[in-house]
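The values are calculated or read from the model by the stated rules, or taken from the named source; none is laboratory data. What you see is a predicted model, and the numbers here were worked out from it, not measured in a lab. All Cβ positions, even for glycine, are placed from backbone atoms using ideal geometry, and neighbour counts span all protein chains on display.
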């Protein structure tokens with residue numbers, strides 16, 4: 001079995017974001033992104049804003065959060081820039097009351113028997129049968145308390161489009177590493193964001209290891 005990373009993102013929650021701030025010119029002028037990045041889409045409204053770049057990086061802002069996503073399939077997502085970009089964005093807007101940071105990974109394990117694999121791994125035979133009817137599939141949510149974050153790991157059978165390939169069946173493995181920020185002052189909240197985003201590679205490695213402890217992944 002092989003784990004493929006489909007995307008990764010950093011989400012920063014806040015009490016009041018201003019979506020109208022997000023614009024390609026703002027990201028360029030403030031040095032958040034390189035000036036040579038090519039914009040493929042930009043939607044800026046008072047309710048939400050989205051800026052997409054050709055390299056797969058996407059910025060999203062709504063009132064209660066901003067998110068930086070990397071959708072570009074690559075061999076090693078440890079090199080993704082989302083954590084640095086999210087940190088830079090927050091540092092340019094220190095007045096926002098940030099409340100928490102989430103580092104997310106969306107993975108996929110191709111398997112024609114994904115639904116039965118998940119059920120056989122976590123469900124005793126006949127344990128969830130009802131009136132002689134067996135469940136068709138099983139979705140699982142596991143929460144781990146880590147030293148620097150809370151990990152919510154979700155497993156489910158499903159389908160995914162990887163790159164330009166046709167839709168494939170497999171196991172969807174999604175992880176969210178959540179860290180609450182200190183509700184004290186601006187400086188401590190920014191420091192909290194810097195700490196949370198600095199753990200990106202550590203969380204990535206943890207995600208690979210946790211998934212590998214559940215499924216027999218290829219080395």
Item to complete: Search region 1-33 for residues being at pLDDT 95 or above, out of contact with any strand residue (DSSP E or B) (no Cβ under 9 Å at 6 or more places or on another chain) and part of a loop (DSSP other than H, G, I, E, B), and hand back the single one that is farthest from residue 167 (Cα to Cα).
Response: 30
Worksheet item: Got at least one residue in region 127-145 being at pLDDT 90 or above, under 30 Å from residue 84 (Cβ atoms) and out of contact with any strand residue (DSSP E or B) (no Cβ under 6 Å at 6 or more places or on another chain)?
Response: yes
Discussion item. I need the strands (runs of 3 or more DSSP E) fully contained in region 125-219, keeping only those with at least 2 residues that are over 27 Å from residue 66 (Cβ atoms) and in contact (Cβ under 8 Å) with a residue 60 or more places away in the chain.
Written reply: 168-180
Item to complete: Kindly establish whether residue 71 is modelled with pLDDT of 95 or more and either under 26 Å from residue 211 (Cβ atoms) or surrounded by fewer than 20 Cβ atoms within 10 Å (Cβ to Cβ) (or both).
Response: no
Worksheet entry | Within region 34-106, strands (runs of 3 or more DSSP E) holding 1 or more residues that are over 14 Å from the mean Cα position of the chain (by Cα) | 39-44, 49-53, 57-62
Discussion item. Take residue 47 and tell me if it is within 22 Å of residue 199 (Cα to Cα) and touching a residue at least 24 places away in the same chain (Cβ under 8 Å).
Written reply: no
Worksheet item: residue 94 is checked against (1) farther than 30 Å from residue 32 by Cα; (2) in contact (Cβ under 8 Å) with a residue 40 or more places away in the chain and fails just one. What number does that condition carry?
Response: (1)
Item to complete: Please specify each residue of region 169-185 satisfying the condition of being surrounded by fewer than 16 Cβ atoms within 10 Å (Cβ to Cβ) and touching a strand residue (DSSP E or B) at 6+ places or on another chain (Cβ under 9 Å).
Response: 169, 180, 183
